[in-house]
Amino acid sequence: GAGVSQSPSNKVTEKGKDVELRCDPISGHTALYWYRQSLGQGLEFLIYFQGNSAPDKSGLPSDRFSAERTGGSVSTLTIQRTQQEDSAVYLCASSLGVGAIQYFGAGTRLSVL
Amino acid sequence: GQQLNQSPQSMFIQEGEDVSMNCTSSSIFNTWLWYKQDPGEGPVLLIALYKAGELTSNGRLTAQFGITRKDSFLNISASIPSDVGIYFCAGQNSNSGYALNFGKGTSLLVTP
């Protein structure tokens with residue numbers, strides 16, 4: 001597609017449920033990043049994929065968070081046993097390669113009740 | 001990641017006025033970037049700075065990469081209503097996988 005696509009745009013879930021958030025990067029972009037934006041805050045880095053290399057998971061806040069990237073393209077961020085503090089906008093970005101400009105999707109707004 | 005200190009937190013100005021915002025960090029970055037975020041959208045890159053001391057313009061926007069590599073500022077001249085939004089600074093280094101470290105943002109409101 002023309003830009004980074006994220007789905008769903010909004011997700012409401014109950015505490016304790018698992019959720020999956022999807023990111024379709026720009027075609028040909030080898031690097032993919034996940035960030036979290038809590039209300040009134042800047043973006044917080046979660047995880048980074050580059051090509052076929054092992055992902056950099058250093059930003060994941062707990063072991064309830066995981067992500068995978070299949071075929072070097074689409075990525076899924078999974079949050080298990082969601083908590084209210086997980087409520088935030090989850091943003092995905094992709095870039096042509098390491099150090100290249102990152103282009104962001106519109107995000108998924110997650111609300112945990 | 002490294003949290004950047006961005007100020008001011010918000011600005012309320014009249015159309016035509018100039019705006020200045022800045023960002024500081026306790027550690028150095030190799031790249032400084034400025035993004036703008038509109039409601040319900042992801043951040044969009046405005047200006048990227050790659051060299052200490054660099055001064056770069058993009059239309060009415062001007063940004064500088066501080067000589068110490070620990071700070072940057074963004075100026076907007078002759079503001080217009082469509083400048084409304086949240087402006088974020090971000091620092092980037094190769095040793096952290098080029099993940100972006102963001103400030104908390106400056107919310108800009110422009111009245112006609």
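The values are calculated or read from the model by the stated rules, or taken from the named source; none is laboratory data. In this text, all values refer to a predicted model and were calculated from it rather than measured experimentally. Here Cβ is always computed from backbone atoms with ideal geometry, including for glycine, and neighbour counts include all displayed protein chains. Accessible surface is based on the protein model in full, side chains and every heavy atom, while ligands, DNA and RNA are left aside. Shrake-Rupley method; radii C 1.70, N 1.55, O 1.52, S 1.80 Å.
Return the pair list, or none, for Cβ contacts closer than 9 Å from residues in segment A:1-30 that are within 13 Å of A:Val74 (Cα to Cα) to residues that are modelled with pLDDT of 95 or more and among the acidic types (Asp, Glu), at least 6 apart or on different chains. So the pair list comes out as A:Gly1/A:Asp24; A:Val4/A:Asp24; A:Ser5/A:Asp24; A:Gln6/A:Asp24; A:Ser7/A:Asp24.
Restricting to segment B:83-112, count the residues that are in a helix (DSSP H, G or I) and without any contact (Cβ under 8 Å) to a residue 12 or more places away in the chain. So the count comes out to 1. Checked against the criteria, A:Ile47 does not count as β-branched (Val, Ile, Thr) and either over 23 Å from A:Thr30 (Cα atoms) or at the interface with chain B (Cβ under 8 Å from one of its Cβ atoms) (or both). Segment B:1-75 holds strands (runs of 3 or more DSSP E) entirely within its bounds, and those carrying 2 or more residues that are closer than 30 Å to A:Lys11 by Cα and of a type in the set (Phe, Trp, Tyr) map to B:31-37. Can you confirm whether segment A:87-107 contains a residue that is away from every other protein chain (no Cβ under 11 Å), over 18 Å from B:Tyr98 (Cα atoms) and surrounded by 21 or more Cβ atoms within 10 Å (Cβ to Cβ)? Looking through segment A:87-107, none of the residues is away from every other protein chain (no Cβ under 11 Å), over 18 Å from B:Tyr98 (Cα atoms) and surrounded by 21 or more Cβ atoms within 10 Å (Cβ to Cβ). Candidates in segment B:59-112 are the residues that are among the β-branched types (Val, Ile, Thr) and within 11 Å of another protein chain (Cβ to nearest Cβ); of these, the one that is most open to solvent (accessible area, probe 1.4 Å) is B:Ile86. If you go through segment B:32-46 and pick out every residue that is under 13 Å from the mean Cα position of the chain (by Cα) and surrounded by fewer than 19 Cβ atoms within 10 Å (Cβ to Cβ), you end up with 3. Residues in segment A:73-95 that are in a loop (DSSP other than H, G, I, E, B) and in contact with a Ser or Thr (Cβ under 7 Å, 6 or more places away or on another chain) were compared, and the one that is farthest from A:Arg36 (Cα to Cα) is A:Thr82.
Within segment B:42-83, how many residues are of a type in the set (Asp, Glu) and more than 17 Å from B:Leu109 (Cα to Cα)? Residues meeting the conditions: 2. Restricted to segment A:24-44, and to residues there that are more than 9 Å from chain B (Cβ to nearest Cβ) and within 24 Å of B:Gly105 (Cα to Cα), the residue that is surrounded by the fewest Cβ atoms within 10 Å (Cβ to Cβ) is A:Leu39.
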